[in-house]
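Let me begin by presenting the structure, written as structure tokens, before commenting on it.
The values are calculated or read from the model by the stated rules, or taken from the named source; none is laboratory data. As the structure is a prediction and not an experimental result, all values here were calculated from the model. Here the Cβ is made from the backbone with ideal geometry for all residues, glycine too, and neighbour counts use every protein chain on show.
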Amino acid sequence: MESIWKFISLSDPNIISVVIGSVLITASSAVVGTFSFLKKKALVGDAVAHAVLPGICLAFILSGNKNPIYIIIGAFITGWLSLIIIDIITKKSKLKEDTAIALVLSVSFAIGILMLTAIQHSGNASQSGLQSFLFGKAAALIGRDLIMFSVVAVILLLMVVLFFKELKLIAFDESFANTIGLPVKALNLLLTSLIVMAVVTGIQAVGVVLMAAILITPAAAARFWTDDLVKMIILAAIIGAFSGWAGSLVSYVAPRMPTGPWIVMVVSIIALISFFIAPKKGIISKQLELAKLRASILEENLLKELYRMGEKDMNTSNAYTLDLLTMQRHFPIKYLKPALRRLLKKSLVFKEGNKWSLSEQGHQKGKRIVKLHRLWELYLSTYLKIAPDHVHEDAETIEHIITPELESRLEKLLDFPKKDPHDRKIPY
Amino acid sequence: MKVEILNPAVEFHDTTVSYDRKPVLWNIDMTLPQGSLIGIIGPNGAGKSTLIKAAMGLLPLASGYVKIFDGDLDEHRKRVSYVPQRESVDWDFPTSAIDIVLMGRYAHIGLLGRISKKDRSLAMDCLEQVGMQAFAKRQISQLSGGQQQRVFLARALAQQADLYFMDEPFAGVDASTESAILNILRNLTQEGKTVIVVHHDLQSAAEFFDWIVLLNMRLIASAPIENVFTQNLLQETYGGKLTLLSEISELIKKRNIPSRENY
């Protein structure tokens, strides 16, 4: 508990560098990752992340120590190489891109693990800690790394700001970008270089195995909340930064815990929550909308049936019992009662004892639905030549959809007809 | 039936285009006049879209060349505009209608350049021309198909080009969008600009265009409209497929034969 507080209050310079380091890494990765998310190239980042492992091991074998400069250069080279190989395989063979990515990812990771095992058994004392590249160790970030990360983060953000409109265009419509003479190849090269850079620095905090999550998941979560690219990028950066901070907290409090999985857990939970609660795009909001729609359809159907029963009895203000209503049309009783209560509240119906009748307003609404139903039946049989006994089901749905604007167009088109195809009167 | 003209907007010279080695267009050779509304007509799989993609440098030519305003495409990039098929992009992209139109200004703004107020007001004018100014801030996935097509057209207008290639701009649009688009295209040609449109509907083609290119893997006709709509030419375009030609194409693909010999 004490160590959590110590971490949150940033009381130790070591903690400050850990926090700044992981926040920089995760935020800038999320910014660059937004573009690979939009280009639907989410897996490319994953392949690069796995492919940097042999580079790291090779750099260690050649230099004999864990100097971050060598490590980053090694990682950059093999990360880049993997992209080139994916490109060559896709272009020159029959294999599709997803297969090429899977191949390069697994082969380079296998080579990396083999090299890592060889190093571990080589007896070199400075190899300890190399393993933390697998799953990340944010708490191991030190001042020297920090300068490196700041430089990389600044480069990444600067490039995105400078080339924002071009990156946006190649993500949306690459062939148009080509036709206006933009250097599309160079821009794609720039974007992949940025991704490689983000991965190479990011692995220190997250590890190669889970790096893809920190590139893509913040963008995926941010997409639920906004339709504006700039806002989406900023939001992705914030989500990334928060999970980076949370991951380094765990890494500090429980040093034996790998950081990567924790960062991924945090960012995934944010994505999952967004998936459920985001306004408009979230599942809950969509379900609520659907439930509202169902309720309003049920209410309209009730008004319609009360109107039709009254129409049959030549008195549309007649009152009817629930039994009669359910005989007219099968309304499940557990939905029927709340719906009637809602209609009562809106004073569209009256209740006298156990009987229900339409108010003046309810009468108008019920009449409109009946009118739309019959107009649509007539439209289907006149214009689509559908047999009169086949038009009812369609009209049941369409009667709830037609807007007042379409309603008046329909009336004009059919010239205010008197009867529907079943020879029933159309009420106006 | 082929009418050649002097000082063309576009010249195809013996152009063969292949997809994945398989030739889909054979030896297209024609000149298209400036200031005309030109329709490229033919059945499905005739290579209509391929033809304009090749002209825009989006597909490599297996042989021959394309000249734009008697020069190379790269010399005239800013004078040429391309409107891809609506389905070629993901409309769920997080951006607004006005931002799409502004993309038409990118070539003029240049790399690293910033979008100016002038660009914004021009883009707004273009949206207004297609009757979409009220939707400028709307996210593009919330637009109907016809509205999306209008946004693409506005983006092309923002390019202020002299030559327009449009891939099926009338596909899947409502009647009012169709007449709005047609009006704009006619205005462009009245200003002396050239508009080349891939179109699939023979009936409306007769009303829309003043020059017609009939295409079915090879060029069948390229001439003013009154010379083209003959029973024979239409029969040739839509009737009998040249099965031998298709089979040779397949063979070239299967056996990896280069479409031109090296020595």
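Tell me, yes or no, whether the range B:75-83 has at least one residue that is closer than 22 Å to A:P183 by Cα, within 11 Å of another protein chain (Cβ to nearest Cβ) and of a type in the set (D, E). The answer is yes, given that some residue of the range B:75-83 is closer than 22 Å to A:P183 by Cα, within 11 Å of another protein chain (Cβ to nearest Cβ) and of a type in the set (D, E). Could you check the range A:313-342 and list, in sequence order, the residues that are part of a helix (DSSP H, G or I), free of Cβ contacts under 8 Å to residues at least 40 places away in the same chain and touching a helix residue (DSSP H, G or I) at 6+ places or on another chain (Cβ under 9 Å)? Result: A:L322, A:L324, A:L325, A:T326, A:Q328, A:I333, A:Y335, A:L336, A:K337, A:P338, A:L340. Inside the range B:42-52, residues that are surrounded by fewer than 21 Cβ atoms within 10 Å (Cβ to Cβ) and not in a loop (DSSP other than H, G, I, E, B) make up a count of 1.
Residues being of a type outside the set (S, T, Y) and either outside the structural domain of A:T397 (by TED's automatic domain parsing) or farther than 25 Å from A:A395 by Cβ (or both) are represented in the range A:322-332 by at least one member. When residues in the range A:137-174 are screened for being crowded, with 22+ Cβ neighbours inside 10 Å and more than 31 Å from the chain's Cα centre (by Cα), 1 of them pass.
Among the candidates A:A198, A:A221, A:A212, A:A205, the residue that is at pLDDT 95 or above and more than 11 Å from chain B (Cβ to nearest Cβ) is uniquely A:A221.
Taken together, the residues in the range A:161-190 that are under 17 Å from B:M56 (Cβ atoms), assigned to a helix (DSSP H, G or I), at the interface with chain B (Cβ under 7 Å from one of its Cβ atoms) and touching a helix residue (DSSP H, G or I) at 6+ places or on another chain (Cβ under 6 Å) amount to 2.
Has the range A:109-122 got at least one residue that is touching a Gly at 6+ places or on another chain (Cβ under 9 Å) and either surrounded by 15 or more Cβ atoms within 10 Å (Cβ to Cβ) or within 19 Å of A:V18 (Cα to Cα) (or both)? Within the range A:109-122 (the criterion being touching a Gly at 6+ places or on another chain (Cβ under 9 Å) and either surrounded by 15 or more Cβ atoms within 10 Å (Cβ to Cβ) or within 19 Å of A:V18 (Cα to Cα) (or both)), the answer is yes, since at least one residue qualifies. Being modelled with pLDDT under 95 and at the interface with chain A (Cβ under 10 Å from one of its Cβ atoms) is the requirement here; does B:A62 meet it? Considered against the rule, which asks whether it is modelled with pLDDT under 95 and at the interface with chain A (Cβ under 10 Å from one of its Cβ atoms), B:A62 comes out as no. Checking each residue in the range B:1-41 for being part of a loop (DSSP other than H, G, I, E, B) and free of Cβ contacts under 8 Å to residues at least 60 places away in the same chain picks out B:E4, B:I5, B:L6.
Based on this model, can you work out whether B:K67 counts as within 11 Å of chain A (Cβ to nearest Cβ) and either outside any strand (DSSP E or B) or closer than 22 Å to B:I220 by Cα (or both)? No; evaluated as a whole, the condition is false for this residue. Is there a residue in the range A:205-220 that is surrounded by fewer than 23 Cβ atoms within 10 Å (Cβ to Cβ) and not in a loop (DSSP other than H, G, I, E, B)? Yes, the range A:205-220 has at least one match. Comparison of B:A107, B:A123 shows that the only residue that is more than 11 Å from every other protein chain (Cβ to nearest Cβ) and either touching a Gly at 6+ places or on another chain (Cβ under 9 Å) or on the phi > 0 side of the Ramachandran plot (or both) is B:A123.
Scanning the range A:379-396 for residues that are surrounded by fewer than 17 Cβ atoms within 10 Å (Cβ to Cβ), farther than 22 Å from A:F416 by Cα and in contact with a Leu (Cβ under 7 Å, 6 or more places away or on another chain) turns up nothing. Pairing residues of the range B:97-113 that are within 11 Å of B:K78 (Cα to Cα) with residues that are assigned to a helix (DSSP H, G or I), at Cβ distances under 6 Å and at least 6 apart in sequence or on separate chains, gives B:G104/B:R155; B:G104/B:A158; B:R105/B:D119; B:R105/B:A158; B:A107/B:K78. Filter the range A:348-386 down to the residues that are under 17 Å from A:I297 (Cα atoms) and assigned to a loop (DSSP other than H, G, I, E, B) and list them by number. A:L348, the sole residue that qualifies.
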